[in-house]
Amino acid sequence: MSSWQDICQFKRGLQAGNIPFNWRLKSLPDDYKSSIPIVESCGILTAEELAITNTDASILVPKLQIGELTAVKVVTAFCKRAAVLQQLTKCCTELMFGDALETAERLDEEFAKTGKPSGPLHGLPISLKDCCEVEGYDACVGWAGLCFQPIEQHSVSTIAQAVRLGAVLYVKTNVPQSMMMSDSYNHVFGQSVNSLHRGLVSGGSSGGEGALVGGRGSVIGIGTDIGGSIRIPAALQGIYGLCPSAFRVSWRRAANHQEYLIPSVAGPLTWSLDSLKTYMEAYCSSSPWQIDPSLPPIPWRTELTKLPSGQKLKLGFIHNDSYVLPQPPVQRAMNHVRELFTTAGHECIDWDSSSQPTSYYELWEPAILADGGEGCEAACNLSDPPQPLIEGTLVGKLEHKLDLSQRQALARKILEYKQMYAQKMLDSGVDAIIAPVLPWVGYKPKQWVVSSQYVGYSAHWNLLDYSALTVPTGVVADRELDSIEACPGWKDHKPKNKSDEFNHAQYDLELVQGMPIGVQLVTGHYGEEKAIMVAGVLEELRKSTQA
């Protein structure tokens, strides 16, 4: 048996070989920061291909539906852009270019014969997180022992249904080993970096997806989220990322899956709100519950995606959860969003988040660690010698393992907390809660390892099974506006715990200068349409102030 190191090296070699020679960069500049200027100036994509990859799905789909654009043309454009971004950010795992182009050719041939599109997403390329099970390809999620074990058939969940909608699968994207870290690094595919700043992480665990979509190498990417894994990469790349309530989007057969007490969910990452709406409407309008019986029969409720004329919103704001103080650019973004809504006449109140840190450590984290790390240990032992577990991964130890009665007791506590919070939302009358996605702006690669990790700002909503949508704010870190002196209370802040201390100490304004700041809109159980509605209102407010 080959060592895990040899397997990883061989897998990476095959991956590199799957990039066609004329799609390979001749050289890389030593001093580049963002990948996007290189993608757009390298000459590998034609002007038309660049235009296609900079067009959102709401425009591409109608053109594909009537044959104004062919599937081959669109898929080729995104394959080429993904190939270039892979060389710059290591955002991808499986490069499925050959099969994707064959599928696109078949769709074009069928369209030429019948004049009918194959589905509501006919010919649209969709990228997938590595854990998605695609027929004929690995889903190794960073484990050497799961390499070269291709999946026998598409998962009945999001993957098969994307194909049913007419979409074309063309790449899978990078993740952290075990998918329990906000830095997408593993031994097999290496370190994924931010598409806007190669010196910063792309986030995790859907970090490769975030880098690919952020670099416009994908118009719609599918990630998964159990504690922020869609929303964190979206925030770090300045894009949209929807964490829906469980089973709104099918997610039954994830690779290396553990039945957590907190369900993992699948959802889209996009660089435009219209693309996100296009995917969710197409998906939910296709009666996916007829294929996956675990789904509730909730069609897409278009009427909930727009604010009725003359109606104002009531919004709760979490500026600080009192456990980890957000860094100055995050504070400023929150204040900016609140000011936009307040100036427009919407009611904005402070939201009591006092239960958030306690519920994180007493409910969410015990549920996540409940297997005592057995799943990861088994994956390590698939290799001989065993592949080591990467430091910083949020994985349980023997003392965290819960037996059946302990799991049931924890499940009851979680249900009680959900019931309390549901009543709190009902009594308040808020339409949405607006909060930071994370308290920091950017980490250097592998800094997460020593970060005293805390994802309470995002994981709280997974615990409650609430819909939460990351949205860009238009705010970027600024060396003057976000200086220590310009942010009241930051310089003299006394950290309350190790996570707060680390977050405060690692703030490096020069490093994160110009990086985008996102926030999340939380709209309750099965509130996906309402989240899009609130995001649309915010988008219009941002446009009106820029005019």
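The values are calculated or read from the model by the stated rules, or taken from the named source; none is laboratory data. Everything numeric here is computed off the predicted structure, so don't read it as measured data. We place every Cβ from the backbone using ideal geometry, glycine too, and count neighbours over all the protein chains shown. Note: accessible area is taken over every heavy atom of the protein model, side chains too, but ligands, DNA and RNA are not part of it. Shrake-Rupley method; radii C 1.70, N 1.55, O 1.52, S 1.80 Å.
Rounded to the nearest 20, the size of the Cβ-charge dipole of the stretch 140-256 about its Cα centre is 220 debye, with Lys and Arg at +1 and Asp and Glu at -1. Note on Ser309/Gln423: beta-carbon distance plugged into 1/(1 + (r/R0)^6) with R0 of 30 Å gives a FRET efficiency of 0.45. Highest-first packing order for the peptide set 353-366, 195-208 is 195-208, 353-366, based on the mean count of other beta carbon atoms within 10 Å.
Based on Cα atoms of the stretch 282-389, Rg over Rh with Rh as the Kirkwood radius reads 1.14. Treating the Cα atoms of the stretch 411-547 as identical point scatterers in vacuum, please give the log10 of the normalised Debye intensity I(q)/I(0) at q = 0.08, 0.09, 0.12, 0.16 Å⁻¹, two decimals. Log10 of I(q)/I(0), two decimals: -0.28, -0.36, -0.64, -1.04. Near the amide H of His197, within less than 5 Å, lie the amide hydrogens of Ser35, all on another chain or at least 5 residues away, with H placed in the peptide plane.
Length available on full extension from Ser405 to Thr342: 0.36 nm per residue minus the Cα-Cα distance, which gives 17.9 nm. Our Cα-only numbers for the stretch 37-93 put the radius of gyration and Dmax at 12.0, 35 Å. Proximity of backbone amide H atoms, modeled 1.01 Å from N, is registered between Val519 and Val471, Thr473 at under 5 Å, excluding neighbours fewer than 5 places apart on the same chain.
With the helix formula -39500 (n - 2.57) applied to DSSP H stretches of n ≥ 4, the chain reaches a computed 222 nm mean residue ellipticity of -11000 deg cm²/dmol. Can you list the lysines whose alpha carbon is less than 25 Å from that of Lys491, not counting same-chain residues fewer than 8 positions off? Candidates past the 8-residue exclusion: Lys444.
To put it simply, the accessible area of the chain at a 1.4 Å probe is 52 percent carbon and sulfur.
Averaged per residue, the chain has 38 square angstrom of accessible surface, using a 1.4 angstrom probe with ligands and nucleic acids left out.
Translational diffusion coefficient of the stretch 173-257 (Stokes-Einstein, Kirkwood radius from Cα pairs, 10 °C, 1.306 mPa s): 126 µm²/s.
For the residue pairs Lys90/Lys446; Lys277/Lys530; Lys80/Lys172; Lys11/Lys129; Lys11/Lys446; Lys33/Lys90, the C-alpha atoms sit more than 19 angstrom apart in Lys11/Lys446.
Computed on protein heavy atoms with a 1.4 Å probe, the accessible areas place Lys113, Lys80, Lys172, Lys277 in the order Lys113, Lys277, Lys80, Lys172, largest first.
Annotation: peptides 336-348, 237-249, 304-316, 525-537, ranked by per-residue average of other Cβ atoms within 10 Å with the highest first, follow the order 237-249, 525-537, 336-348, 304-316.
Entry note, the chain: relative contact order of 16 percent, from Cα contacts under 8 Å with a spacing of 6+ residues.
Projecting the Cα atoms of Gly43, Ala104, Thr55 onto the charge dipole of the stretch 15-113 (Cβ charges, centred on the Cα centre) puts Gly43 farthest toward the positive pole. Across all directions, the average projected area of the convex hull around the alpha carbons of the stretch 330-470 is 11.0 nm².
Evaluated on the chain, the Kirkwood hydrodynamic radius is 23.5 Å, with distances taken between all distinct Cα atoms. Sorting the segments 415-426, 398-409, 372-383 by their residues' average number of neighbouring beta-carbon atoms within 10 angstrom, most packed first, yields 372-383, 415-426, 398-409. Binned at 10 Å from 0, what are the whole-percent values of the Cα-Cα distance distribution for the stretch 391-434, short to long? With 10 Å bins starting at 0, P(r) equals 22, 29, 26, 22, 1. Here the Karplus relation 6.51 cos²θ - 1.76 cosθ + 1.60, evaluated at θ = phi - 60°, turns the backbone of the stretch 235-240 into coupling constants of 4, 5, 9, x, 10, 9 Hz, with x for every Gly and Pro. First measure r as the distance between the Cβ atoms of Glu48 and Ser3, then evaluate 1/(1 + (r/R0)^6) with R0 = 41 Å and state the FRET efficiency to the nearest 0.05. The formula returns an efficiency of 0.35 here. Taking 0.36 nm per residue of separation and subtracting the current Cα-Cα distance, fully stretching the chain between Leu415 and His493 would add 24.5 nm.
With a Förster radius of 35 Å applied to the beta-carbon distance between Glu480 and Lys63, the computed FRET efficiency rounds to 0.20. In order along the stretch 366-379, the phi-based Karplus estimate (6.51 cos²θ - 1.76 cosθ + 1.60, θ = phi - 60°) of 3J(HN,Hα) comes to x, 5, 5, 8, 5, 7, x, x, 5, x, 5, 4, 5, 5 Hz; Gly and Pro are listed as x. Compared with the alpha-carbon gap, the fully stretched path from Asp352 to Glu152 is longer by 67.2 nm at 0.36 nm per residue. In sequence order, the stretch 460-469 has phi-based couplings of 4, 7, 5, 4, 7, 6, 9, 6, 9, 10 Hz under the Karplus curve 6.51 cos²θ - 1.76 cosθ + 1.60, θ = phi - 60°, and Gly or Pro positions carry x.
The H on the amide N of Val171, modeled in the peptide plane, is under 5 Å from the matching H of Met96, Leu128, each at least 5 residues off or on a different chain.
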